[in-house]
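Peer 1: Here's a structure for you.
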Amino acid sequence: MNPITRREFVNHAATGAAGLAGILLSRTPPAFGQKREVTMLGWSHFVPESDKKLKELVDKFSKEAGVTARADHVPNVQLAAKQAAEVQTHAGHDLMMFYNEQGWRHRDSLVDLDDVVGELTKKYGGDIYPFCKDAFFMNGHWKVLESAWPAVPGNYLQSKFREVGEGPPDTWADLLRAGKKLKKIGSPVGIQISHCFDAGSTFWSVCWSYGAKVTEADGKTIAISSPKMAEVIEYYKELYASAMEPDVLSWDDSGNNRCINAGHCAWIHNPVSPYAVAVARKLPIADDLNHHSTPGGPAGRFFAPNARGYGIWKFSKNVDLAKDLLRFLYREDNFSEWIQASAGFNHPMWRSWEKHPVWNSDPKLKLLPAEGAFGRMRGWPAPPGDVFGAIDDLHILPDMLAKAIGGMPTKDATAWATDQVKRVLDTTRS
Amino acid sequence: MGLAWTPVPEPGKAGVGVADPARAGRRRLGALLQREHVLGYLLVLPALVLLAGLVAYPFLMALWLSLTDSVVGRPGSFVGIRNYVSLVMTDEIFRRALRNSFLFTGTAVVVKTVLGICLALLLARKLRLKKLIRGAVLLPWVIPTALSTLGWWWMFDSLYSVINWTLLRLGLIHERLQWLGTPHLAMGAVITVNVWRGLPFFAITILAGLIAINPELYEAAESDGAGAWARFWHVTLPLLRPVLAVVVLFSTILTFADFNIVYVLTRGGPVNSTHLFATLAYQVGLQAGRIAEGSAIALFMFPILPLIVYGQLHYDRLDL
């Protein structure tokens, strides 16, 4: 083999560099590298069978459409950072999953999905859960197509409640009473008060049930320092001290799932994923696990569903193909299979899907569709916007509770949270 | 000095326009490349382009963002140093992260230095299976941080903690410790993992320094009646000082900017008690979408680190 001369090396390197620079500058791959491809990024589902079914459906679409389609997954806590990275660089996936009000943050970068949602609504009916519309219908346009709003019922171990002579708690006060007895037999209640999504979900539920709010209906006047919020904090403090274990201060989103599936916790506030996993893995705890409606309080019964769905980036080069993939996934047969695989976790935004057999095939899941009536978007009664997504992502509300539990006077904890929310309002544009 | 006049040949005359212009161009390029300094700059150019693209551009971009009121996906307008002032003056979480960064770095580097010297002294002794042991010591350094930290996360887990299980069985504690749920224990946990991960770097580098010390110095000290401690204090430590300075410098920079360990173990919790600059910048800038403020938090490290580096180099009188 002839050794390469310095001149040849420089010539080849210069040619290669020029070619690469051309590709990078024009942002167009060479002809031999071009292929129709559509990609989507979502969370790693708490019911893994749902992701398996999604992959199966996406593969089916690839074959039918003669393209390459791919579904990627990341843990839910990393999704916001992925969205930020993709929107800042204008590169990445074509379809992106958005939680709750995350879509509002990126609404200017998302394609209108009015045509796709219009077609599906014609087929599935116009009766849509209001909280889904709040989350995904922005300034007169559908920007995100909902894929799942999980109900957040009470998950409880029937044997433990029987042992302490209690039934499933109807109110948060009932839970406190039962929780005190349960902790004494070594089976505490488990609600996260930490840096995770579930901590926020349950906070909102308790907050609304006691008539408290974070801002007034104008979304601008902060309403944290109120007697009702003080009541919420006092409730949490008592529940923590007498019915929970300190673990809850360090849990992530799966902490409560693991606690109840390990048979340690007797009650958690969560979607039905622990039960779905227990059934799928044939864990004996599945027989003992049951669900009841989310607890209520003096002001009513509420919960904050982590509604999620897919949007298409404006910078996507395959907008039409991405819309076709959505149409395919939401085709009645495919959508039905997807819901079935999630064991009822994935609830569509059209009420007509309440008749899906998955919620009637198992008596323990029967209550789920009716829970939709209690769902509110985080921040309610404030209008939807990206402020409450930021409050959630900064974990301000669980931190307020943790501070109070850690000994900070309630008044100081609410003052701290007020200051933090004010910072968000000042720096986040709706 | 007079200028020599050279007649300009007319096109079509001999020697002009007849020669192949491409060949002439190549000849000129060839002659240019024969000059060492031209070729030198050309060969360095790709590295410079990479540095500019991967270091300078993101840095300048972050600097610009920190001076605006941008949120993710939307350009902002120039606000000067408002973000920096607001962080220092009004953000209690940022001030906590600032304190944490110094506590985390200071404690971890001191512990790694002390343990690193001990481990290096141990490894320098004549041991059976010396090579295997030295290789095994490097394992924490070799395993990807996120992966090994996940292992630690399980060991600190409130429900399944093997550490709690052992302590309970030994009767040293009577109830499970909340390693990641109590602020002080959580900080202790993240420092422990950082020490565990960084120790091999210290031990192996110090070991290299130890091996380089001339044994005759020890013999001379011994003949002067110096005991083990005196030999360590008056011979080993002074001669290790240049190596230690470099190791401590590198470790300080890397520890100060740590992200993985805190993110995997605590995500900054409980109640923001373990946030460092990097994790807080990630939470504020990328997760909450306040990218301007996030950039300002991240850039706070920039003036601090050169100051630490300067102070350390000055102290050690190293002229690097």
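Peer 1: I'd like the full set of residues that are touching a Gly at 6+ places or on another chain (Cβ under 9 Å) and either of a type outside the set (D, E, K, R) or at pLDDT below 90 (or both), limited to the stretch A:61-75.
Peer 2: A:71, A:73, A:74
Peer 1: For residue B:274, are the conditions met, namely being within 19 Å of residue A:77 (Cβ to Cβ), assigned to a loop (DSSP other than H, G, I, E, B) and hydroxyl-bearing (Ser, Thr, Tyr)?
Peer 2: Yes; evaluated as a whole, the condition is true for this residue.
Peer 1: Next up: Starting from residues that are under 25 Å from residue B:269 (Cα atoms) and among the β-branched types (Val, Ile, Thr), keep the ones in the stretch A:240-283 and report whichever is farthest from the other protein chains (Cβ to nearest Cβ).
Peer 2: Filtering first and then ranking leaves A:268.
Peer 1: Here is a further query. Do the conditions hold for residue A:325, that is, is it surrounded by 23 or more Cβ atoms within 10 Å (Cβ to Cβ) and not assigned by TED's automatic domain parsing to the domain that holds residue A:205?
Peer 2: Considered against the rule, which asks whether it is surrounded by 23 or more Cβ atoms within 10 Å (Cβ to Cβ) and not assigned by TED's automatic domain parsing to the domain that holds residue A:205, residue A:325 comes out as yes.
Peer 1: Of all residues in the stretch A:178-215, count the ones that are over 17 Å from residue A:249 (Cα atoms) and at pLDDT below 95.
Peer 2: So the answer is 1.
Peer 1: Which numbered condition in (1) surrounded by fewer than 20 Cβ atoms within 10 Å (Cβ to Cβ); (2) assigned to a loop (DSSP other than H, G, I, E, B) is the only one that residue A:422 fails?
Peer 2: Every listed condition holds for residue A:422 apart from (2).
Peer 1: Name the helices (runs of 4 or more DSSP H) wholly within the stretch A:264-380 that hold at least 1 residues that are touching a strand residue (DSSP E or B) at 6+ places or on another chain (Cβ under 6 Å) and touching a residue at least 40 places away in the same chain (Cβ under 8 Å)?
Peer 2: Output list reads A:273-280, A:285-288, A:319-329.
Peer 1: Looking at (1) of a type outside the set (A, V, I, L, M); (2) touching a residue at least 60 places away in the same chain (Cβ under 8 Å); (3) within 26 Å of residue B:149 (Cβ to Cβ), can you tell me which one residue B:283 breaks?
Peer 2: Failed condition: (2).
Peer 1: Search the stretch B:165-187 for residues being within 11 Å of chain A (Cβ to nearest Cβ) and assigned to a helix (DSSP H, G or I), and hand back the single one that is surrounded by the most Cβ atoms within 10 Å (Cβ to Cβ).
Peer 2: The extreme case among them is B:186.
Peer 1: Out of the residues in the stretch B:277-310 meeting the condition of being of a type in the set (Val, Ile, Thr) and buried (at least 24 other Cβ atoms within 10 Å of the Cβ), tell me which one is nearest to residue B:106 (Cα to Cα).
Peer 2: Taking the candidates together, the pick is B:279.
Peer 1: Return the pair list, or none, for Cβ contacts closer than 8 Å from residues in the stretch A:73-101 that are free of Cβ contacts under 8 Å to residues at least 60 places away in the same chain to residues that are of a type in the set (Lys, Arg), at least 6 apart or on different chains.
Peer 2: A:74/A:82; A:83/A:105
Peer 1: Select from the stretch A:175-231 the residues that are over 30 Å from residue A:160 (Cβ atoms) and without any contact (Cβ under 8 Å) to a residue 12 or more places away in the chain and list them in ascending order.
Peer 2: Correct list: A:221, A:223, A:227.
Peer 1: Just to be sure I understand, how many residues within the stretch A:55-75 are touching a Ser or Thr at 6+ places or on another chain (Cβ under 9 Å) and under 24 Å from residue A:257 (Cβ atoms)?
Peer 2: The qualifying residues number 5.
Peer 1: Next question, about the same structure. So, of the residues in the stretch A:186-212 that are assigned to a loop (DSSP other than H, G, I, E, B) and touching a Ser or Thr at 6+ places or on another chain (Cβ under 8 Å), which turns out to be nearest to residue B:287 (Cα to Cα)?
Peer 2: Here the residue is A:195.
Peer 1: Tell me which residues, restricted to the stretch A:84-102, are within 13 Å of chain B (Cβ to nearest Cβ) and touching a strand residue (DSSP E or B) at 6+ places or on another chain (Cβ under 6 Å).
Peer 2: A:96, A:98, A:99
Peer 1: Inspect the stretch B:271-289 for any residue being within 14 Å of chain A (Cβ to nearest Cβ), touching a strand residue (DSSP E or B) at 6+ places or on another chain (Cβ under 6 Å) and under 30 Å from residue A:399 (Cβ atoms) and give the result as yes or no.
Peer 2: Yes, the conditions are met somewhere in the stretch B:271-289.
Peer 1: Considering only the stretch A:230-288, state which residues are touching a Pro at 6+ places or on another chain (Cβ under 7 Å) and among the acidic types (Asp, Glu).
Peer 2: Hit for the stretch A:230-288 is A:245, nothing else.
Peer 1: Would you say residue A:407 is surrounded by fewer than 22 Cβ atoms within 10 Å (Cβ to Cβ) and modelled with pLDDT under 90?
Peer 2: Here the answer is no, as residue A:407 does not meet what is asked.
The values are calculated or read from the model by the stated rules, or taken from the named source; none is laboratory data. None of the values given here were measured: they were computed from a predicted structure. Because the Cβ atoms are built from the backbone with ideal geometry, glycine has one as well, and the counts that use them run over all protein chains shown.
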